[in-house]
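Worksheet: the structure to be examined is printed underneath.
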Amino acid sequence: MIEAEGLTKFYGSIGAIRNVSFQIEKGEVVGFLGPNGAGKSTTIRILTCYMPPSSGSARVDGLDVIENSLQIRQRIGYVPESVPLYKDLTVSRFLRFAAGCKGVGAKRIKAETSRVISSCGLEKNANRIIRNLSKGYRQRVGLAQALLNNPSVLILDEPTIGLDPSQIVEIRRLILELHEERTILLSSHILPEVAQLCQRVMIINKGEIIATDTPGNLTSQLQKSVKIVLEVSGASQEFAKEVENMAGVQKVSVVNNGTSKFLIETDPSKDMRPEIAAMAIQKGCGLLELRTMQLSLEEIFMQLVTEETPGEVAE
């Protein structure tokens, strides 16, 4: 549905992105991550036909971004970081105007506008002036215009930035409802948001894609040990030392002084939980908690992007 091959873009002598290649399948929700200046916005601008690459190619819904620019703009839904709205218009008037720009036929504009107003929960605000809406509802208007003409591809750049917690929850719910019918590329610096919404992540750093996979697979590749949280009752002072001496255990740390909660690092090639549980029972301890800890998306991101000194890259 979205294909990029060897995308490169220079601003003068500065390389914003270099040889960026990826593929997003129909129906996928993919998170696009990277530090400031990594090249996220440049890549998105190329995919949405706001500017051409210096070299390389990209296709959206089978159409080339250079040869079929107008057709792509009519078919995709795009919500930029700062949503451009005509704030002196009412919601419905703005959406009718946007529908015409997207090539919706005159006979369909009213029905199409009503559809996206309903999809985004804007019924009660359809006749209000946009500038009088809260930021959360203005964001909904931006999402509604992106849904006009029922696009098969949605590209969302920081869709919840600047919203309050309740508004963020509402916009995330809308995105989850939309992904069942569409391919979505989501750029966000809020990593828990990406973890909640996306099936796969692409991480870009210094203009190059450095990782693309599910968070679970990235964890498996990067995690040098399995971390197990163990909480017991009635543990003796020697309990932690005995666990640390078990074959396959690398390190045991007390999570909080004065408690019997431990963080146990073990060899990733072997599941040590049955042996650790048996040890706790053998020592007469009450087993309160025993679980593995996965790397969070934030930890994955930091490991990948902090290995090298940031370079001079324009976003």
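The values are calculated or read from the model by the stated rules, or taken from the named source; none is laboratory data. Predicted model, so just to flag it, every value in this text is computed and none were measured. Don't worry about glycine lacking a Cβ; one is built from the backbone with ideal geometry, like all the others, and counts go over all protein chains shown. Just so you know, the surface numbers come from the protein's heavy atoms only, side chains and all, with ligands and any DNA or RNA stripped out. Shrake-Rupley method; radii C 1.70, N 1.55, O 1.52, S 1.80 Å.
Taking the condition open to solvent by less than 50 Å² (accessible area, probe 1.4 Å) and either at positive phi or outside any loop (DSSP other than H, G, I, E, B) (or both), does GLY105 pass?
no
Only one of TYR78, TYR86 is hydroxyl-bearing (Ser, Thr, Tyr), under 26 Å from the mean Cα position of the chain (by Cα) and open to solvent by 20 Å² or more (accessible area, probe 1.4 Å). Can you tell me which?
The match here is TYR78.
Give LEU174, LEU191 a once-over and let me know the one that is open to solvent by 10 Å² or more (accessible area, probe 1.4 Å), assigned by TED's automatic domain parsing to the domain that holds ASN36 and more than 20 Å from LEU70 (Cα to Cα).
LEU191
State all residues of region 176-217 that are in a loop (DSSP other than H, G, I, E, B) and within 10 Å of the chain's Cα centre (by Cα); if no residue qualifies, say none.
Residues satisfying the conditions are SER188, HIS189, ILE190, CYS198, GLN199.
For region 54-63, name all the residues that are surrounded by fewer than 23 Cβ atoms within 10 Å (Cβ to Cβ) and either closer than 26 Å to ILE210 by Cβ or touching a Cys at 6+ places or on another chain (Cβ under 6 Å) (or both).
Correct list: SER54, SER55, GLY56, SER57, ARG59.
For SER220, only one of the following conditions fails: (1) open to solvent by less than 40 Å² (accessible area, probe 1.4 Å); (2) part of a helix (DSSP H, G or I); (3) within 20 Å of LEU295 (Cβ to Cβ). What is its number?
Every listed condition holds for SER220 apart from (1).
Looking only at region 198-210, which residues are open to solvent by 10 Å² or more (accessible area, probe 1.4 Å) and out of contact with any Phe, Trp or Tyr (no Cβ under 7 Å at 6 or more places or on another chain)?
Those that are open to solvent by 10 Å² or more (accessible area, probe 1.4 Å) and out of contact with any Phe, Trp or Tyr (no Cβ under 7 Å at 6 or more places or on another chain): CYS198, GLN199, ARG200, ASN205, LYS206, GLU208, ILE210.
LEU290 versus (1) more than 30 Å from VAL201 (Cα to Cα); (2) open to solvent by 40 Å² or more (accessible area, probe 1.4 Å); (3) at pLDDT 85 or above; (4) not charged (D, E, K, R): which is the lone unmet condition?
Going through (1) more than 30 Å from VAL201 (Cα to Cα); (2) open to solvent by 40 Å² or more (accessible area, probe 1.4 Å); (3) at pLDDT 85 or above; (4) not charged (D, E, K, R) one by one, LEU290 breaks only (1).
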